[in-house]
Amino acid sequence: IAMEKPVIPTEEQLEILEYHFCKVNKHPDPTTLCLIAAETGLSEEQTLKWFKQRLAEWRKSEGLPSESGSVRD
């Protein structure tokens, strides 16, 4: 089975993805994810993968563990 190549979104797609990530929701629900995918022209799987990678980057930049899980005080 061939490995699926990572999709590199265009600048326009990235703007849409970043907008949703920063302004709307870092954890889009399936309906929102579907809408974002439709808006960008990427598949839902590609969109979800982007959000997961972006979330890991964000968590790292915030000094949080890259794995999701609740942050305890």
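General observations
- Averaged per residue, the stretch 9-56 has 63 square angstrom of accessible surface, using a 1.4 angstrom probe with ligands and nucleic acids left out.
- Summing +1 for each Lys or Arg and -1 for each Asp or Glu among the other residues whose beta-carbon sits under 11 angstrom from that of residue 20 gives 0.
- Where the alpha-carbon atoms of the stretch 9-56 are placed on the principal axes, they occupy 21, 18, 17 Å, in descending order.
The values are calculated or read from the model by the stated rules, or taken from the named source; none is laboratory data. These numbers were taken from a predicted model, which means no experiment stands behind them. So basically every Cβ, Gly included, is an ideal-geometry build from the backbone, and we count neighbours across all protein chains shown. The area values use the complete protein model at the heavy-atom level, side chains included, leaving out ligands, DNA and RNA. Shrake-Rupley method; radii C 1.70, N 1.55, O 1.52, S 1.80 Å.
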